[in-house]
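Each value in this text was obtained by applying a stated rule to the coordinates, not by laboratory testing. None of the values given here were measured: they were computed from a predicted structure. Here the Cβ positions follow ideal geometry from the backbone for every residue, glycine too, while neighbour counts run over all protein chains shown.
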Amino acid sequence: MSQGGTLLQAFQRTVSQLDGAYGTVVMDRRDPQRLIAARSGSPLVIGLGIGENFLASDQLALLSVTRRFIFLEEGDVAEITRREVNICNLQGEPVNREIHESSLEHDAADKGQFRHYMQKEVFEQPSAIINTLEGRIDNDSVRVDSIGHGASDILARAEHIQIIACGTSYNAGYVAKYWFESIAGISCDVEIASEFRYRNFVTRPNSLLITLSQSGETADTLAALRLAKERGFMAAMTVCNVAGSSLVRESDLAFMTRAGAEIGVASTKAFTTQLAALLMLVTAVGKIKGHVDRDQEAKIVQALHRLPNDIEQALVLDKQIELLAEDFADKHHALFLGRGEFYPIAMESALKLKEISYIHAEAYAAGELKHGPLALIDADMPVIVIAPNNELLEKLKSNIEEVRARGGQLYVFADKEAGFENTDGMSIIAMPHVDAVSAPIFYTIPMQLLSYHVALIKGTDVDQPRNLAKAVTVE
Ligand code: M6R
């Protein structure tokens with residue numbers, strides 16, 4: 001400011017010299033009625049009131065005062081007073097940004113009767129799934145037009161799917177890879193965003209990029225999307241939970257999960273709603289490509305209709321799992337096993353346990369055990385197995401025997417019709433029988449409950465685990 005001009009001009013000169021990610025707000029104490037804000041990389045949202053305006057990094061922080069928001073874009077500089085909001089670019093030229101009306105409830109950030117946000121969010125899953133399915137499936141078919149404007153054309157042209165995501169969203173993408181190939185008959189790769197963005201990848205012809213993200217602001221995923229746009233992807237779609245987020249704004253198509261606000265750092269309902277959305281998307285692609293016939297489509301859609309009720313049944317296991325969790329409290333390591341699309345569910349289960357209970361947990365595709373991890377097995381290493389009654393059950397049973405023969409302590413979450421019995425060294429948690437196609441979503445629930453109860457016993461900070469942030473907006 002000592003070089004002259006207004007605070008806005010001084011700030012514009014300053015941000016054009018800044019490097020890195022920031023969402024920043026400044027005020028001149030001699031003129032406290034005026035705020036100047038800028039973003040690069042990190043999110044910044046303006047809340048519009050009557051005779052008052054607000055700034056925050058997340059709309060959730062402002063829901064008690066307004067539901068009207070402007071999401072600033074990269075390079076935007078905003079000048080805000082009680083009555084006015086003016087936005088310009090770094091060159092000082094005015095820019096127009098849309099006003100979004102948030103559909104989130106004002107009490108979205110309340111814990112209600114629950115002890116933790118995570119617990120609340122686990123129990124909200126039946127309704128979150130109902131919301132995500134609403135208007136997108138009929139009795140026995142998926143409504144392709146509900147995926148978004150131009151979706152049927154984009155999906156028809158796609159010859160390959162590339163999924164990019166981080167953390168829990170990556171695990172959802174990994175399940176979708178199995179579904180895209182087995183149900184829709186289209187090749188699909190899934191990759192962690194931080195790897196994808198820094199390697200020399202080959203773009204396949206007519207490749208559709210799908211980013212998955214709860215927040216829509218994950219820095220690596222966003223950077224991967226921007227890179228993919230430069231590198232010849234046919235189109236970019238996002239499956240995302242936050243309307244108006246950067247991924248939604250910058251993608252050609254946005255298929256919203258409607259999980260509602262997820263506040264616990266550990267992703268739970270965001271994951272299962274991502275899977276429900278992805279299953280609809282996979283079915284739509286399969287139908288468009290003639291790989292899913294009416295009969296198969298009806299079966300998948302009926303399984304989706306039953307899913308909220310199935311999840312209610314899984315939540316009934318809460319008390320039983322609470323007791324089981326006691327066995328884990330003094331353990332330092334745990335191994336999760338699954339096969340097929342249950343391998344990424346094992347990965348997600350291990351991620352949940354490690355992030356909130358700080359127990360080192362790993363997931364392995366059960367068939368891979370004998371190639372190394374079998375050496376870890378002893379009485380101090382609980383082995384958690386996800387065992388639905390599917391075509392891989394017999395293979396999984398032999399893997400379970402490999403662990404048993406080495407004195408491992410097994411906890412098998414098994415379909416009650418899968419023929420398991422409690423024996424020495426093996427506890428069976430009998431799960432209701434559900435449709436094979438939606439079973440990965442269903443089996444996620446007891447795993448979330450297990451990590452929640454282990455964390456409670458260990459006394460860790462369930463909603464805000466150490467060293468972690470809800471939205472990872474920096475690299
Ligand atoms: O918002 P995103 O889904 O893009 O976040 C990606 C990861 O940071 C996130 O899924 C993280 O792994 C979970 N919070 C873990 O529960």
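See the values below:
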| read-out | value |
| --- | --- |
| Charge dipole of the chain about the Cα centre (unit charges at C-beta), most positive-ward option of Ser194, Ile377, Gln274 | Ser194 |
| Within straight-line cross-link reach of Lys229, lysines at Cα separation under 24 Å, skipping those fewer than 8 residues along the same chain | Lys177 |
| Total formal charge among the other residues, if their Cβ is under 11 angstrom from that of Ala277, Lys/Arg +1 and Asp/Glu -1 | +2 |
| Angstrom value of the Kirkwood radius, inverse mean 1/r, which spans all Cα pairs in the range 1-140 | 17.4 |
| MRE, 222 nm, helices only [DSSP H, n ≥ 4, -39500 (n - 2.57), over the chain, to nearest 500] | -10500 deg cm²/dmol |
| Total charge dipole magnitude, the chain, about the Cα centre, Cβ charges on Lys, Arg, Asp, Glu only, Debye to nearest 20 | 800 |
| FRET E, pair Asp189, Met1, Förster distance 35 Å, beta-carbon r, rounded to 0.05 | 0.10 |
| Mean Cα-pair separation over length for the range 330-475, i.e. relative contact order, pairs under 8 Å, 6 or more apart, % | 24 |
| The range 302-416 shape via C-alpha gyration tensor axes, a/c threshold 1.5 | oblate |
| Rounded to whole Hz, the Karplus (6.51, -1.76, 1.60) HN-Hα couplings of the range 88-99, x for glycine and proline | 9, 8, 5, 7, x, 7, x, 10, 9, 10, 5, 9 |
| Principal axis dimensions, the range 76-219 - Cα atoms, whole angstrom, descending | 55, 49, 31 |
| Span from the the range 414-431 Cα centroid across to the the range 104-148 one, whole angstrom | 31 |
| Length-normalised contact order of the range 230-355 in % [C-alpha pairs under 8 Å, at least 6 apart] | 14 |
| Segment Val316-Glu93, extension gain: residue separation times 0.36 nm, minus the distance between their alpha carbons | 74.5 nm |
| Cα-only radius of gyration and Dmax that characterise the chain, units Å | 23.8, 80 |
| Protection proxy ranking of 376-384, 210-218 - average other beta-carbon atoms within 10 Å, highest first | 210-218, 376-384 |
| Cβ-Cβ FRET estimate between Arg157 and Asp19, R0 fixed at 51 Å, reported to 0.05 | 0.85 |
| Pair Asn200, Asn467: separation of 7 Å Cα→Cβ label points (nm) | 3.4 |
| Efficiency of FRET between Ser398 and His371 - r from beta-carbon atoms, R0 22 angstrom, step 0.05 | 0.95 |
| Fewest-first sequence of Arg29, Arg67 by Cβ atoms within 10 Å of each Cβ | Arg29, Arg67 |
| Mean separation of Cα contacts under 8 Å (6+ apart) over length of the chain, as relative contact order % | 14 |
| Candidate aspartates and glutamates - alpha carbon under 17 Å from Lys470, same-chain residues fewer than 8 apart omitted | Asp58, Asp110, Glu121, Glu217, Asp220, Glu262, Glu348, Glu355, Asp461 |
